[in-house]
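Student: Got a structure here, written out as structure tokens. Questions coming.
The values are calculated or read from the model by the stated rules, or taken from the named source; none is laboratory data. Note that this is a predicted model, so its numbers are computed, not measured. Glycine also receives a Cβ, built like all others from the backbone with ideal geometry; neighbour counts cover every protein chain displayed. Ligands, DNA and RNA are stripped out before the accessible areas are found, and what is left, the full protein with its side chains, is counted by its heavy atoms. Shrake-Rupley method; radii C 1.70, N 1.55, O 1.52, S 1.80 Å.
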Amino acid sequence: MIAEGKLKIDLLADGGVQIRSNRNTSVTSLLIGRTPDEALELLPAVYSLCAHAHVAAARAALGEASCVGEDQMVLAENAREHLLRIMVGWTNGAIEIPAAPVMSLVGQMQEALAGNGVALVSDQLAKLLKAHVFGLDPQTFLQLEFDQWLATENTSVARFFQKIIASDWQAIGGISPSFIPEFSMEQLSRQMVDETYCLAPDWFGAPCETGPLARQNNHPMIAKLICKYGNGLLARLAARLVDLAQIPLQMLAANPGIQQEGMGVVETARGRLIHVAKVRDGAIKSYQIIAPTEWNFHPSGVAAQALRGLNAPQARVMIEAFDPCVDFELRVA
């Protein structure tokens, strides 16, 4: 979601954590002086990840009407990003999910919208998830307790979780949650005029968490895991599965993101994406973006807290659970 940059994450000898990002704000400066139409044409070329989410958020921030099917495109993009993180990040490619149907999800949705075939894409995604992720229909998975599912299924995803439990890593990284709140454009935009705030955002001085766990912490499956193991690794990983399992049905009843004058908010796979813009006389006068990674990997934010005291293998799994949108380098003092 961030056009360029890298996270450098240091596990310090005293158990502390230092997170630094070399992301810059040159992307938003490219939009200043352009018309809204020019900005909307430029954004997909700039952001290789979550391009449809960025355009949807930008369209709302710029006061442009949303496009038909825009929310379904974002959902297809979210499903792809969830699956790619599971395939590549969780076990370095050891999870057995075929890449071709994952990579074609967004294109299939685009074609489906042109031919009123959204239900077919939803059904195909549900079948993919049944065959390669859950071992059963996603809606059935959502009705189970996590332990029930894990005891009866043998997909490569289930085996990954069995290894987490065998390693006794269920509770590692448990922290007191501070999920991102709802806020008005007026409250947030006053702070977002400061570019440094957008690179390390907080809410009244406290870094917040966004993403699957923030969205799903009240789901019965995740709530029970939190009750049993705390707000740690197992709950965080399982929340991604719940998020993913909900997408096929969400595609059939999609809703646009939050729209307020001058602000667009879209829920992506990684969390809440926020665009804030000011347009005068047909030209963009200011533009700011906060991506989910800026919340979660704030220098003193939830990732830094969750990584405290972990060894390198544990830390790597935890970082992948947070799902940064840029490359990261993990170093141990």
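Student: Kindly identify segment 193-333 as rounded, prolate or oblate by the Cα gyration tensor criterion: order the square roots of the eigenvalues as a ≥ b ≥ c, call it rounded if a/c is under 1.5, otherwise compare a/b with b/c, prolate if a/b is larger, else oblate.
Tutor: The shape class here is oblate.
Student: If you don't mind, another one. Leaving out ligands and nucleic acids, and using a 1.4 Å probe, what accessible area per residue does the chain come to in Å²?
Tutor: The answer is 42 Å² per residue.
Student: In what order, largest first, do His52, His298, His275 sit by accessible area if the probe radius is 1.4 Å?
Tutor: The most accessible residue leads, giving His52, His298, His275.
Student: Put Glu64, Glu145, Glu81 in order of accessible area, largest first, 1.4 Å probe: what do you get?
Tutor: Ranked list, largest accessible area first: Glu145, Glu64, Glu81.
Student: Excluding ligands and nucleic acids, what accessible area in Å² is computed for Asp14 using a 1.4 Å probe, to the nearest 10?
Tutor: Per-residue accessible area (Asp14): approximately 130 Å².
Student: I need the phi-derived Karplus couplings for segment 234-246: 6.51 cos²θ - 1.76 cosθ + 1.60, θ = phi - 60°, integer Hz, Gly and Pro marked x.
Tutor: So the Karplus estimates, Gly and Pro as x, are 4, 4, 5, 5, 5, 4, 5, 5, 4, 4, 5, 5, 7 Hz.
Student: Which value, in Å³ per residue, describes the convex hull spanned by the Cα atoms of segment 102-256?
Tutor: 156 Å³
Student: Per the 1.4 Å probe, what fraction of the accessible area of the chain, in percent, lies on carbon and sulfur atoms?
Tutor: Summing carbon and sulfur atoms, their accessible area is 51 percent of the total for the chain.
Student: How far apart, in nm, are two points set 7 Å out from the Cα along the Cα-to-Cβ line at Tyr197 and at Ala171?
Tutor: 3.9 nm
Student: Run the simple label-point estimate for Glu38 and Asp137 please: 7 Å along Cα→C-beta, distance reported in nm.
Tutor: Rounded to a tenth, the inter-label distance reads 5.2 nm.
Student: Same structure, new question: Across all directions of projection, what mean area in square nanometres is found for the Cα convex hull of segment 164-262?
Tutor: The number I arrive at for segment 164-262 is 8.3 nm².
Student: Still on this structure: If amide hydrogens are placed 1.01 Å from N in the peptide plane, which non-local residues have theirs closer than 5 Å to the one on Phe328?
Tutor: The answer is Leu7.
Student: Can you tell me the Rg and Dmax of the chain, counting just the alpha carbons, in angstroms?
Tutor: Looking at the chain, its Cα Rg and Dmax stand at 19.5, 62 Å.
Student: Report the gain in length on full extension from Lys163 to Gln187: 0.36 nm times residue separation, minus Cα-Cα distance, nm rounded to one decimal.
Tutor: 4.2 nm
Student: Cα centroids of segment 184-202 and segment 112-168: how far apart, whole angstrom?
Tutor: Taking the Cα centre of segment 112-168 as reference, the centre of segment 184-202 is 37 Å away.
Student: Less than 22 Å apart at the alpha-carbon level, and either on another chain or at least 8 residues along: which lysines does that give for Lys224?
Tutor: Lys163
Student: How far is it, in nm, from the label point at Gln260 to the one at Leu12 when both lie 7 Å from their Cα along the line to the Cβ?
Tutor: That separation, rounded to one decimal, is 3.6 nm.
Student: To the nearest 10 square angstrom, how much accessible area does Met185 have with a 1.4 angstrom probe?
Tutor: 40 Å²
Student: At a Förster distance of 25 Å, what's the computed FRET efficiency of Ala253 paired with Ala100, Cβ-Cβ distance as r, to 0.05?
Tutor: Computed FRET efficiency for Ala253 and Ala100 comes out at 0.35.
Student: Assign one of three labels to segment 1-125, namely rounded, prolate or oblate, based on the Cα gyration tensor with a ≥ b ≥ c the square roots of its eigenvalues; rounded applies when a/c is under 1.5, prolate when it is not and a/b is larger than b/c, and oblate otherwise.
Tutor: Oblate, because a/c is 1.5 or more while a/b does not exceed b/c.
Student: Please arrange Thr91, Thr268 by accessible surface area, largest first, computed with a 1.4 Å probe and ligands excluded.
Tutor: From most exposed to least exposed: Thr91, Thr268.
Student: Separate question: So how much slack lies between Ala45 and Arg331, counting 0.36 nm per residue of separation and subtracting their Cα-Cα distance, in nm?
Tutor: 99.8 nm
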